[in-house]
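Heads up: the structure comes next, in structure tokens.
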């Protein structure tokens, strides 16, 4: 009887955790990823945006897909947009200046940091609708664009309307290899020191 009781609690706990996972994944958010693909840098974005916790700022236009890391600006495509304020997050994601994309398609989505911290979405966008876009920077590298690998997140809203825009800058394979070699070297050095004290 006790075993059955514990098994029931275990099943209820698992169901609760699964329920939390479903709730979390159903929450709106937008994720943009920057990858080195051969000789090009490709930016892809997808997700949804909840506008509830944002303040409308202005109508405008994104003239081109572009990246300005030092200003925290990323525009995934061009077109008429609506700007929204009240987001919190990093002011920059590197030291690079302005670079226009070689090509782009999809929705005009993006953000700008450097103190203004504004998000923009296509004009007429309805909160929660799916968004997707891509832009390509031909013959470019992370170094030439001046971007710093890492994960950068901008947030807004509270409760069920809490939302985020996440930028993931994925290191080039050669950078990952160098990091792995460095990590292995540090680990071996620590092991030798530990071994010497025994």
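Throughout, read-outs are computed from the coordinates displayed, never taken from laboratory work. As the structure is a computational prediction, the values presented were derived from the model and not from experiment. Here the Cβ is made from the backbone with ideal geometry for all residues, glycine too, and neighbour counts use every protein chain on show.
Each DSSP beta bridge with both residues in segment 28-184 is either parallel or antiparallel, and the antiparallel ones are about 90%.
Ordered by the number of other Cβ atoms lying within 10 Å of each residue's own Cβ, fewest first, 95, 66 fall into the sequence 95, 66.
How high is the FRET efficiency from residue 98 to residue 168, r the C-beta distance, R0 25 Å, rounded to 0.05? E(calc), rounded to 0.05, equals 0.70.
Taking packing as the residue-averaged number of other Cβ atoms within 10 angstrom, the listed peptides 160-166, 116-122, 56-62, 86-92 run from highest to lowest as 116-122, 160-166, 86-92, 56-62. Placing pseudo-labels 7 Å out from each Cα toward the beta carbon at residue 126 and residue 139 gives an inter-label distance of 4.5 nm.
Each principal axis of segment 61-138 carries a Cα extent, and these read 33, 32, 18 Å when sorted largest first.
Model label sites at residue 31 and residue 52, defined 7 Å from Cα along the beta-carbon direction, differ in position by 2.2 nm.
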